[in-house]
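Please read the structure below before turning to the comments.
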Amino acid sequence: MRHLPRLLALSALALLLGLVPAAADTLARIEAAGTLRVGLTGDYKPFSWEAPQGHFEGLDVDMARALADSLGLRLEIVPTSWPGLMDDLAAEKFDIGMGGISVTEERRTTAFFSTPLLTDGKTPIARCEDAARFQTLDQIDREGVTLIVNPGGTNEKFTRANIKTAAIILHKDNATIFEEIAEGRADLMITDAIETRIMAKEHPALCAIHPDEPFDRSEKAYLLPQDEAWKARVDEWLAAMEASGEKATIFGKWVE
């Protein structure tokens, strides 16, 4: 908090000099509103999901609350979706996107990212009886194999880039997609290794396939508007969370 007035002053000076557009002055705007708006899809454990009671839970709900507290602001969760994520950011529906967002070059063209939170990668999850069949992309991409994927995010992008022969089913509700595999309506899904571990624990019939050796590697970070001052403040907060051990405590609560 001790740096916030200085950062706000720098943002105001940049606006005065015409160095950044007024719409990019995120720090000043959220300070004036008294509310931090955090975009979450609510369908991706352990980062965020919507509980039966209607409220959001998860690792990034706790992180969002910690960020709001550090700024002295109220927290408002703004539901978003993977297909609509970038459009919602561009429309200024939220100030920061959380919830397990992968850093991609495409997203970098219109947004900033925070300091990375973790590195992960895409790997399969299937019924345990079929795990040996789906170790490689060549084994997966065959006639008679059906993959299921949630639309609009990096899971779909990876699947379509690598799967040309096997059938692909789009399933809009990522919260129920693993039941489709367990009940035999699809053979497998390729998603982030961290999610395969969580889902394999929730669905005993499913097994995460080589989650320690995923097909690729990518970083996860928080999605931000193209505002240098706001990115600097978020990165400063993340560094403080790391140094204090609070980030490790929150991660440890949700990721075993």
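The values are calculated or read from the model by the stated rules, or taken from the named source; none is laboratory data. All values reported here derive from a predicted model rather than from experimental measurement. Don't worry about glycine lacking a Cβ; one is built from the backbone with ideal geometry, like all the others, and counts go over all protein chains shown. Note: accessible area is taken over every heavy atom of the protein model, side chains too, but ligands, DNA and RNA are not part of it. Shrake-Rupley method; radii C 1.70, N 1.55, O 1.52, S 1.80 Å.
Out of the stretch 81-112, which residues are open to solvent by less than 20 Å² (accessible area, probe 1.4 Å) and part of a loop (DSSP other than H, G, I, E, B)?
Across the stretch 81-112, the qualifying residues are GLY84, PHE94, ASP95, MET98, GLY99, GLY100, ILE101, ALA111.
Testing ARG133 on (1) within 24 Å of PRO52 (Cβ to Cβ); (2) of a type in the set (Lys, Arg); (3) surrounded by 14 or more Cβ atoms within 10 Å (Cβ to Cβ), one condition comes back false. Which one is that?
(1)
Please work out which one of (1) in the same structural domain as ALA68 (by the TED database); (2) outside any loop (DSSP other than H, G, I, E, B) is the condition THR115 fails and give its number.
(2)
Show the residue pairs that are 6+ apart or on different chains and have beta-carbon atoms under 6 Å apart, the first residue being within the stretch 80-96 and farther than 20 Å from ASN150 by Cβ, the second being open to solvent by less than 20 Å² (accessible area, probe 1.4 Å) and in a helix (DSSP H, G or I).
If the second residue must be open to solvent by less than 20 Å² (accessible area, probe 1.4 Å) and in a helix (DSSP H, G or I), the pairs left are ASP95/THR26; ASP95/ILE30.
Under 9 Å by Cβ, and 6 or more places apart or on different chains, what pairs join a residue from the stretch 56-73 that is within 13 Å of THR41 (Cβ to Cβ) and open to solvent by 10 Å² or more (accessible area, probe 1.4 Å) with one that is part of a helix (DSSP H, G or I) and aliphatic (A, V, I, L, M)?
Listed by first residue and then by second, the contacts come to PHE56/ALA64.
Go through (1) surrounded by fewer than 19 Cβ atoms within 10 Å (Cβ to Cβ); (2) touching a Pro at 6+ places or on another chain (Cβ under 6 Å) for PHE215 and report which single condition fails.
Among (1) surrounded by fewer than 19 Cβ atoms within 10 Å (Cβ to Cβ); (2) touching a Pro at 6+ places or on another chain (Cβ under 6 Å), PHE215 violates only (2).
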